[in-house]
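The values are calculated or read from the model by the stated rules, or taken from the named source; none is laboratory data. Just so you know, these numbers come straight off a predicted model, no measurement behind them. Cβ: placed from backbone, ideal geometry, glycine included. Neighbour counts: every protein chain shown. Surface accessibility is based on the protein's heavy atoms, side chains included, excluding ligands, DNA and RNA. Shrake-Rupley method; radii C 1.70, N 1.55, O 1.52, S 1.80 Å.
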Amino acid sequence: MGDGFVFVEILIFAMIAAFLVYRLRSVLGRRTGEERQRPNPFTARPNNQPDNVVAMPNRERPLPNVAPSPDEPVSLATALEQIKAADPSFDEKYFLQGARGAFQMIVEAFAKGDTATLRPLLSDEVYDNFARAVRERQSAGETLETRIETITDADVVEARMDGRTALVTVKFVSEQMNVVRNSAGAVVDGDPNAVVEAVDVWTFARNTRAGDPNWALVETRTPQ
């Protein structure tokens, strides 16, 4: 009698456990493998912004009444105000944090020839140029070693709206080690023991009406 009662209890608990597992799987879903993808550095949301805000894609957002005359250049502050009006989630501080992360990821991925990491961070044109340089380096049997010691400065130097697209240009000052080696491992350019200052000017763009919060690198240049 006692053993039979214990068996019934075990059976009941097993049925309850199976039901709970089924409910959890139906609520949480199954893993697809996409969770392992490396996050885009611009995806991080500031702590003071709620996650449940949903953008209204068809709502017109008026730009501030600061339109200059055709011959009058737009100041940086005014341009940033226009971007903020088009995309209220834009915050210069958090944008620069993302830009720093993107800079390091792109520089290191380019050196490694990691085009899979580069693809979502670059516009089509910039990606084609980077991928071409990677292929040429590989065809020549050369390898590029790059190490960013530190990013000493990153400042927004230009900004503008082009229709619905926001463009923000950042000047990066970093200390790097760059060495090119041939197929035999001999150094053909650079010094593995030397850290040099590098100045890069990169422009990032984002469609303010798109649901994707990430920015893409659309232009690189050296300062004049």
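Of note:
- Of all the residues in region 154-207, those that are of a type in the set (D, E, K, R), in a strand (DSSP E or B), over 27 Å from T143 (Cα atoms) and open to solvent by 50 Å² or more (accessible area, probe 1.4 Å) number 4.
- Restricting R164, R160, R181 to those that are at pLDDT 95 or above, over 27 Å from F95 (Cα atoms) and not hydroxyl-bearing (S, T, Y) reduces the list to R181.
- Residue in region 119-139 that is more than 30 Å from P73 (Cα to Cα) and in contact (Cβ under 8 Å) with a residue 60 or more places away in the chain present: yes
- The single condition among (1) open to solvent by 60 Å² or more (accessible area, probe 1.4 Å); (2) assigned to a loop (DSSP other than H, G, I, E, B) that E145 does not satisfy is (2).
- Among (1) under 14 Å from A205 (Cβ atoms); (2) of a type outside the set (A, V, I, L, M, F, W, C); (3) touching a Leu at 6+ places or on another chain (Cβ under 7 Å), the one test that E92 misses: (1)
- Residues satisfying the stated conditions in region 199-224, i.e. at pLDDT below 95 and either among the hydrophobic types (A, V, I, L, M, F, W, C) or farther than 30 Å from D91 by Cβ (or both): A210
- Restricted to helices (runs of 4 or more DSSP H) entirely inside region 58-137, those with at least 1 residues that are open to solvent by 30 Å² or more (accessible area, probe 1.4 Å), modelled with pLDDT of 95 or more and closer than 19 Å to L217 by Cβ are 92-112, 115-118.
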